[in-house]
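See below for the structure under consideration.
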Amino acid sequence: MAHVDDASGAHGSVECVSNDSPTLHVRLTGEIDISNADRLGAALERLIDGNTRLLSVDLATLAFMDSAGIAMLLRAAARVSSVEVRNPSDVMRRLIECTGLNEVLHVEG
């Protein structure tokens with residue numbers, strides 16, 4: 001698990017739940033904003049290997065994510081065939097749908 005705390009108060013983490021090649025299951029927790037998205041994104045990208053085809057991202061315990069977090073997910077999506085976003089909050093689901101990103105970040109559950 002990669003945990004990132006920022007002096008400004010943003011606390012977030014990326015946790016590998018399982019890596020059943022070709023599917024990588026991760027959980028994002030806490031808060032992801034411009035202060036920690038690059039570091040968390042780097043941690044996420046280290047988990048993606050050449051065999052990863054599907055990235056499944058669980059957002060059930062994510063309290064907050066701004067556009068930097070969305071950009072982080074899009075960078076990861078560029079490295080795999082498909083991304084599914086599981087258990088997003090209603091706000092996160094609407095954000096993904098309203099921006100048209102549901103073509104790249106497939107919302108499940």
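Coordinate-derived values only; no laboratory data. No experiment lies behind these values; they were computed from the predicted model shown. Methodologically, a virtual Cβ is constructed for each residue, glycine included, from the backbone with ideal geometry; neighbour enumeration extends over all protein chains shown.
Going toward the positive end of the dipole of the chain, with +1 on Lys and Arg Cβ and -1 on Asp and Glu Cβ, which of 47, 87, 12 do you reach last? About the Cα centre, the residue reaching furthest to the positive side is 47. Normalised size of the chain, defined as Cα radius of gyration per 2.2 N^0.38 Å with N residues, equals 0.96.
Note on the chain: GNM, Cα springs under 10 Å; of 15, 97, 84, the largest mean-square fluctuation is that of 97.
Computed over the chain, relative contact order equals 23 percent, with contacts defined as Cα pairs under 8 Å that lie 6+ residues apart. Here the chain is assigned +1 on the Cβ of each Lys and Arg and -1 on the Cβ of each Asp and Glu. Its dipole about the Cα centre then comes out at about 220 debye. A Förster distance of 25 Å, applied to the separation of the beta-carbon atoms of residue 38 and residue 97, puts the FRET efficiency at 0.45. Extension gain for residue 16 to residue 48 (0.36 nm times residue separation, less C-alpha to C-alpha distance): 10.5 nm.
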